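Scroll down for the structure; my scribbles are underneath it.
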Amino acid sequence: MTQAIKRQMISNDSIYLFKEGTNQQCYLMLGAHLDLQKGQSGTRFCVWAPNALCVSVTGNFNNWNQSSHQMRQIKDSGIWEIFIPGVGEYEVYKYAVTTMQGNILLKSDPYAFYSEVRPNNASVVYNLDGYKWNDDVWQRQKSKTSLVDKPLSIYEVHAGSWRRNADGSFLSYVDLAEQLTDYVLKTGYTHIELMPISEHPLDASWGYQVTGYYSATSRYGTPKDLMYFVDKCHQKGIGVILDWVPGHFPKDAHGLARFDGTALYEHADPRQGEHPQWGTYIFNYGRNEVKSFLVSNLMFWLEHFHIDGFRVDAVSSILYLDFAREDYIPNKYGGHENLEAVEFLKYMNDAVHEKYPNTLMIAEESGNWPMVTRPTHLGGLGFDYKWNMGWMHDTLAYMQRDPIYR
């Protein structure tokens, strides 16, 4: 393997927008990207770790040596980068992050497009380009009609438990593209809502403990297999909604938690940064780089996977500083509303609707927050629909009772 290249390869404009909180495609800058530099093919790695003493890339290609491929820090950005010749698609890797205390953390790439199958958790170099889409008819129809002006019938499904193979193994994205779509067509639904399919370590979490926001879980196949699933849905006239989890993330050592040894994606104070009920961390919605990370993630799924909408999970937990807790830090007015989160949600919805106008944005909001579905210019949060969890629980409770007592 030839010598790595450590000169700046990403633009100052991209860095500026990232730090401003308005870079809506920062996954093109950060992460692992196949590239050609000085006539050599390889992979460009880029990661945000502003408080690290040093960062290196380690993997099978260097026998997991934590010092042989040290990255270069771009001045005043907190971003580290390196181009490593000879590292190709499907190489597994992690970042070895040295903290200010001298500890070395082995971290998965927050922007990785693919990951090892659990229980392994290294990131995998993957090329998203090359899939040939065949959903032109769906996209043309979608652009001409407003999804909020016609009936929706949504089938919510967990890909890993809807149906299994005879040996108990999961159906793949390709299997689901045939079996699940046939079932949904037969039963008359207009959309499939996939419970979270971003990478997560624990099957029992149903995907709600995300460690890889840009990585379609490898439990069911490759990212291009997921593209095939969405493509088949569209060819059969079925929309696809993703369950998206921006409200919290787990404390797994390889994930976002304390990424460079400090509270980077989360708040440092546990009264702001932890969910005591779930044992997870809360995103710091006032940090611009976190805003870029989350909004870019929505754009990523829309651009590369042709997703039709998002059910935004646990919006109540995002909106209220005292959600499921008594020890909280009030906002600057003394209230319990998370003002930074409110502004983030408004920006998020406006950004999506501006670039992808017919995208469904659905809030799972079980509280009494006003104007959840009113446009932001009228003082609302800007969602299209509110996911009525109370109706679901009431209906299930009603149906469980003996008919004579209903």
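Side notes on the structure shown:
- Residues that are within 25 Å of the chain's Cα centre (by Cα), at pLDDT 95 or above and not assigned by TED's automatic domain parsing to the domain that holds His191 number at least 3 in the following strands (runs of 3 or more DSSP E) confined to segment 62-177: 79-85, 92-98, 104-107.
- Phe305 vs. criteria over 15 Å from the mean Cα position of the chain (by Cα) and outside the structural domain of Asn120 (by TED's automatic domain parsing): no
- When restricted to residues that are touching an Asp or Glu at 6+ places or on another chain (Cβ under 7 Å) and either outside the structural domain of Gly239 (by TED's automatic domain parsing) or in a helix (DSSP H, G or I) (or both), segment 352-406 contains 2.
- Candidates in segment 10-61 are the residues that are under 21 Å from the mean Cα position of the chain (by Cα) and among the β-branched types (Val, Ile, Thr); of these, the one that is farthest from Phe344 (Cα to Cα) is Val47.
- Ser317 vs. criteria more than 15 Å from the chain's Cα centre (by Cα), in a helix (DSSP H, G or I) and of a type in the set (S, T, N, Q): yes
- Among the residues of this structure, Ser172 counts as one that is under 23 Å from Ser215 (Cβ atoms) and crowded, with 16+ Cβ neighbours inside 10 Å.
- Looking at Gly130, Gly168, Gly160, just one residue is more than 30 Å from Gly382 (Cα to Cα), touching a strand residue (DSSP E or B) at 6+ places or on another chain (Cβ under 8 Å) and either free of Cβ contacts under 8 Å to residues at least 60 places away in the same chain or not hydrophobic (A, V, I, L, M, F, W, C) (or both), and that residue is Gly160.
- Among the residues of segment 276-316, those identified as small (Gly, Ala, Ser) and at pLDDT 95 or above are Gly286, Ser292, Ser296, Gly309.
- Here Ala122 passes the criteria (1) exposed (fewer than 13 other Cβ atoms within 10 Å of the Cβ); (2) in contact with a Lys or Arg (Cβ under 7 Å, 6 or more places away or on another chain); (3) small (Gly, Ala, Ser) except the one numbered (1).
- Qualifying residue in segment 285-301 (condition: over 26 Å from Ser146 (Cα atoms) and of a type in the set (Lys, Arg)): yes
- Enumeration of residues in segment 178-220 that are small (Gly, Ala, Ser) and either in contact with a Gly (Cβ under 7 Å, 6 or more places away or on another chain) or surrounded by fewer than 20 Cβ atoms within 10 Å (Cβ to Cβ) (or both): Gly188, Ser198, Ala204, Ser205, Ser218
The values are calculated or read from the model by the stated rules, or taken from the named source; none is laboratory data. Nothing here was measured: the structure is a model prediction, and the numbers come from that model. No Cβ is skipped: glycine too gets one built from the backbone with ideal geometry, and neighbour counts run over all protein chains shown.
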